[in-house]
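Shown next, in structure tokens, is the structure this report addresses.
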Amino acid sequence: MFKGGFIQNLPKIYGLYTGGFIVFILMMAIAEQAGVTAKTIGILFVAFTVAIYALIGYLSRTVQVDAYYLAGRQVPTVFNGMATAADWMSGASFVALAGGVYFGGYSYMAFLVGWTGGYVLVSTLLAPYLRKFGCYTVPDFIGTRYGGNGVRFCAVLVLVLASFTYVTAQINATGTIAARALGIPFEAGVWVGLVSILLCSMLGGMRAVTWTQVAQYIVLIIAYLIPVFWISNKIGAGVFPHLMLGDEVARITELEGQFGLAKNSAADMKAAGVPGGLKSIAVAHAGVGAGGMAVWKYISLAICMMVGTASLPHILMRYFTTPSVKSARKSVAWSLFFIFLLYSSAPMLATLSKISLMDPNLSTGIIGKSIADVQSIEWVKQWSSQKQVFIADFNGDGILQLNEWFMRTGVVVLATPEVAGLPYVISGLVAAGGMAAAMSTADGLILAIANALSHDVYYNMIDPKADVRKRLIVARVLLVVIGAAGAYIASMRITSILGAVAWAFDFAMSGLFFPLVLGVWWKRATREGAIAGMLSGLTAGTAYLIYVYPKFLGNPAWLGIDHLRFGLIGAPVCLVVMVVVSLMTKAPDAATQRMVDEVRVPSGKSILGRAH
Amino acid sequence: MSNKEKHWQKTRGHMIMTLCLWAFFSMVIFLFGYEINSMSFLGYPLAYYMTAQGSLLAFVIIIFWFANKQEKIDEEFGFGEKED
């Protein structure tokens, strides 16, 4: 059945895997009918998928440097696209994105545009050139292009800051899902999550992470799309929701007018005892705010996310693994296609979830019904007991108004299957999908940090004579140490203090975007310019964050640039300083100029060899 | 001008063209979000549709188009890669 090598057989292998997973879902559905409890199904879903990832991780073990860092540079275009999509879509994307759209409406959807538009920058400005360069890590490119350990170290600094901000949130998400599915405390769930993550990456580095990420993408996309299509068909909204929910969007707008969109005051919510983090619908589903500030808020957020996307090392390094420059370019397109499948479904899920709850003509509708009736619904009881949903009868009329119904954002994805009356097997599937999304991103991030520290700091700066065996041992030890540090911070439950995922984008954009882009597109950029740019961009961005973030100094935002958008301060400072300092210092030598010329053409050997 | 310089000039032009399209779908249309939302596409308000789906799809198409055309530019100047 399997003639030829592993790579030639990939479509067959993953085809079988997908088929096997669907058979598993059907078996669980049968088991549910046969009376197996919801809890057991939840455990089986998470345990089975994690065991498969661990098996793939074990089978991909390696003792070669180029396999460990670059997956042997033989990952085919489409598969690299799937791996990148899994790497990209975090537990937060999977669980919270639809909820964000549900509560935030149009202005929140700037994230959707930002998190996809950034790939145009990746493909035009960076990915093909970094692939030609042949680097192992992002700081490897900066260090070789500009020359010297100082500049390399600055790049490592930005990478660690951006990636670590991101990774604790991911480990937190794996912990939450593992705890819920397995019925263990959150603190234990975090460590279970970490062990699962390390099983995928430790033995095989990039090679193992690549093949598990492909497997994780397949699970997460099936888990996201099945409920969307199922609910849409069940409530008669349309066979193909993405093209057919226009009437439902219009109906929601009509119902919003009927029920009224009221914003609750903080004092009212406190008096009623609404648990922290729960929200009611206060923003129009499809309406657009008028005025210049609304436009600026939308566009500035989209810019930060787009430029940040193009600077995040764990994404850029995925394009180092393709066989050629042109496949790196194509691979960006496939990545975005696979991301698009999920991102374009999030607003549809939000629409379906909202109409299920709001429309009095549907059996699932709860708004406008009597509160006593609503409180006796099974899923409301269950999610209320976990403080995920809440009812506050502000006007005391015993009828549930739109502003009296509170939900946590994650509930939109996690509970909608139950709300719409889908069997529990779908909820188990969604838990497995969330776990896959969080694990794949955490793996990519931990690997990016560990590789930068092992290759750039240890091998290039501390011990350049280290042999292959020693280098790979150091890389693995660092992987465990960084994972443990992330899990430890996550288990202390202080992630809310560490701030939003968006910060990672702003940090990366402040310090890395212009040094990377100008490294390819401007021959005159010098080492001194790059160092000054990275440090000043990072400092300016961080200083502004401290100045504006409510939990730090909490000053009023300048021109609407709040803590989600501080990259708009950091990146321009980085650009100006880098250009000015570069022009003041001596132009790069002839060898560096030739190197940049070589990077700009796809043919020929890569600048850095397979093993370096 | 050498072959390499010509290739780079054309590559740069293609990059700028691609980024113009990108800027249109990521920023320019959202400058008019309020104004275009009264128009309708597939039954959705237009600005809602673009931010939920339309611009995302446009980016996918732009990158595939970019990659194909860039390959042609590389081959035109003899810098295309041979398949391994």
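Read-outs throughout are calculated quantities, based only on the coordinates presented, and are distinct from any laboratory measurement. What you see is a predicted model; the values in this text were computed from it and never measured. Cβ: placed from backbone, ideal geometry, glycine included. Neighbour counts: every protein chain shown.
Below are the figures for this structure:
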{"read-out": "Of A:K263/A:K551; A:K12/A:K605; A:K12/B:K72; A:K263/A:K387; A:K465/B:K4, pairs whose Cα-Cα distance is over 26 Å", "value": "A:K12/A:K605; A:K12/B:K72; A:K465/B:K4"}
{"read-out": "Low-density loop positions, trypsin sites (Lys or Arg not before Pro), segment A:407-487 - DSSP coil, at most 14 other Cβ in 10 Å", "value": "A:K465"}
{"read-out": "Rounded D (µm²/s) - chain A, Kirkwood Rh over Cα pairs, Stokes-Einstein at 25 °C, 0.890 mPa s", "value": "98"}
{"read-out": "Distance between segment B:38-84 and segment A:127-168 - C-alpha centres, whole angstrom", "value": "28"}
{"read-out": "Nearest 10 degrees, 0 to 90: helix A:567-584 Cα axis against chain A principal axis", "value": "10"}
{"read-out": "Square roots of 5 times each gyration tensor eigenvalue, C-alpha, segment B:3-76, largest first, Å", "value": "33, 12, 6"}
{"read-out": "In degrees, nearest ten, helix A:186-201 long axis to first principal axis of chain A (Cα)", "value": "40"}
{"read-out": "Cα pair distances of segment A:342-452 binned at 5 Å [whole percent]", "value": "2, 10, 17, 22, 17, 10, 8, 6, 4, 3, 1, 1, 0"}
{"read-out": "Mean Cβ count within 10 Å, highest first, over the residues of peptides A:364-370, B:14-20", "value": "A:364-370, B:14-20"}
{"read-out": "Helical mean residue ellipticity (222 nm; -39500 (n - 2.57) per DSSP H run of 4+; nearest 500) of chain A", "value": "-22000 deg cm²/dmol"}
{"read-out": "Simple Cβ-charge dipole of the protein assembly as shown, Lys/Arg +1 and Asp/Glu -1, about Cα centre, in debye nearest 20", "value": "1920"}
{"read-out": "0 to 90° range, to nearest 10: angle between helix A:205-234 axis and chain A longest Cα axis", "value": "20"}
{"read-out": "Rg in Å to one decimal, and Dmax rounded to a whole Å, for segment A:30-105 via C-alpha atoms", "value": "18.2, 50"}
{"read-out": "Highest-first arrangement of A:11-20, A:53-62, where packing means the average Cβ count within 10 Å", "value": "A:53-62, A:11-20"}
{"read-out": "Percent RCO, i.e. relative contact order, over chain A, from Cα pairs under 8 Å lying at least 6 residues apart", "value": "27"}
{"read-out": "Mean Cβ neighbour count within 10 Å, used as a protection proxy, ranking A:154-163, A:434-443 highest first", "value": "A:434-443, A:154-163"}
{"read-out": "Proxy reagent accessibility, fewest Cβ within 10 Å first, across A:T210, A:T144", "value": "A:T144, A:T210"}
{"read-out": "Calculated from backbone phi, Karplus (6.51, -1.76, 1.60) coupling profile of segment A:361-372 in Hz, x at Gly/Pro", "value": "6, 8, 5, 7, x, 10, 5, x, 8, 6, 5, 4"}
{"read-out": "Average beta carbon contacts from partner chains per residue of A:594-600, 10 Å cutoff", "value": "2"}
{"read-out": "Volume per residue that the Cα convex hull of segment A:271-355 spans, once the total is divided by residue count, Å³", "value": "178"}
{"read-out": "Estimated 222 nm signal from helices in chain B, with DSSP H stretches of n ≥ 4 weighted -39500 (n - 2.57), rounded to 500", "value": "-19000 deg cm²/dmol"}
{"read-out": "Inter-chain shielding of A:237-246 (mean C-beta neighbours from other protein chains, 10 Å cut-off)", "value": "2"}
